[in-house]
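Data first, discussion second: the structure below is written as structure tokens.
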Amino acid sequence: MSISAYYGADPKKMGNVLDSILDGGDVTGSLIAFGHDYYYHDHLVDYHRGQGPDPIGADAGEPTQLSNPDQTLSWDPVRDRNPRRMVQEPDVCLDHNPPVTRYVVEPTSKTVAAIRNQYGMVFRLDLSVPEYYKVTKK
């Protein structure tokens, strides 16, 4: 099973937003996979607060993702605003076949572009559950 969720944020508050996400991941029993437990994460927050260098390296390009096997958090670049690196609209699901495959957009009127226009930038959280059991219709 996989789920993608989209959220908006003010790009001027990117450091605080990331820090809050990591704080949530620090809580015992939290389902958020990312916390302050990695040296890189603290440097990423400092970078987005304008208090440190790019944690990947000066020529690496702006970091726009945290990832582990079950969760990926990606976001629009804040500094370079390169349109090719922005969070894209979700792909159209061609295999909508409930209950085997289900594709839902809620609310139906909300698009990635609308979220970006409202907040300034977009986060995308992708969750996958490898233990999810598949049962066919047949």
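What does the net charge come to around Pro11 if you take all other residues with beta carbon closer than 14 Å to its beta carbon, with K and R at +1 and D and E at -1? Result for the local shell: +3. Accessible surface computed residue by residue for the chain, with neighbouring protein chains in place and a 1.4 Å probe, gives 68 Å² per residue.
Taking the helices alone, the chain has a mean residue ellipticity at 222 nm of -6500 deg cm²/dmol, built from -39,500 (n - 2.57) per DSSP H run of at least 4 residues and averaged over all its residues. Relative to the dominant Cα principal axis of the chain, helix 39-48 is inclined by about 80°. When the Cα positions of His41, Ala9, Leu66 are compared along the charge dipole of the chain, Ala9 comes out farthest toward the positive end, with charges on each C-beta of Lys, Arg, Asp and Glu.
Here the chain exposes an accessible surface that is 53 percent carbon and sulfur, computed with a 1.4 Å probe and the other protein chains kept in place.
Just to confirm a number: summing +1 for Lys and Arg and -1 for Asp and Glu over residues other than Gly25 whose beta-carbon lies under 12 angstrom from that of Gly25, what do you get? Overall, the nearby charge balance is -4.
The values are calculated or read from the model by the stated rules, or taken from the named source; none is laboratory data. Keep in mind that what you see is a predicted model, and the values were worked out from it rather than measured. Note that each Cβ is placed from the backbone with ideal geometry, even for glycine, and that neighbours are counted across all protein chains shown. Protein only, heavy atoms only, side chains kept; ligands, DNA and RNA dropped before computing areas. Shrake-Rupley method; radii C 1.70, N 1.55, O 1.52, S 1.80 Å.
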